[in-house]
Amino acid sequence: MSIKAYQRAATQAESPRELEYRAFGQATAALVRAHEEKLAGGLLAEALDSNRRLWNMLAADCSQPKNQLPLELRGQIISLAMFVARYSSQVLRDGVEIEPLIDINRTMMEGLLAR
């Protein structure tokens, strides 16, 4: 079986919540690696961009009228996505610590497990 066929089969077997958890796990692992290895430049930007794209997808999904999450929760997710975008830029531009982004992702992962 090819890798693509395996990945397709794996994603078809996962619930949306499991997919989101896995996506957060991957993005968070990249952020943790960037923090632990004190990455800079392109490697840091790549980890931040991956995380920012994940949050942008969540925000876009939450902005859709057909999204079934409570309106207040959708608004909170969109606000977090905006914060992640701004803060990611500060990490790159000003060298602020990356830990708040890691903490937010971990909190999201805990919430995905709790439901």
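Structural remarks
- Pairing residues of the stretch 103-115 that are in a helix (DSSP H, G or I) with residues that are of a type in the set (D, E, K, R) and surrounded by 12 or more Cβ atoms within 10 Å (Cβ to Cβ), at Cβ distances under 6 Å and at least 6 apart in sequence or on separate chains, gives Leu112/Arg17; Leu112/Glu20.
- The sole residue among Leu58, Leu48, Leu69 that is open to solvent by less than 50 Å² (accessible area, probe 1.4 Å), of a type outside the set (Val, Ile, Thr), without any contact (Cβ under 8 Å) to a residue 60 or more places away in the chain and within 15 Å of Arg17 (Cβ to Cβ) is Leu58.
- Yes/no for Ser89 being at negative phi and either out of contact with any helix residue (DSSP H, G or I) (no Cβ under 9 Å at 6 or more places or on another chain) or at pLDDT below 95 (or both): no
- Search result, residues across the stretch 64-100 that are touching a His at 6+ places or on another chain (Cβ under 9 Å) and part of a helix (DSSP H, G or I): Glu99
- Residue match in the stretch 31-40 (condition: closer than 21 Å to Ser15 by Cβ, in a loop (DSSP other than H, G, I, E, B) and open to solvent by less than 80 Å² (accessible area, probe 1.4 Å)): no
The values are calculated or read from the model by the stated rules, or taken from the named source; none is laboratory data. Just so it is clear, the structure is predicted and the values come from calculations on it, not from any experiment. Heads up, the Cβs are rebuilt from the backbone with ideal geometry, glycines too, and the neighbour counts pull from every protein chain shown. Heavy atoms of the whole protein, side chains included, go into the accessibility calculation; ligands, DNA and RNA do not. Shrake-Rupley method; radii C 1.70, N 1.55, O 1.52, S 1.80 Å.
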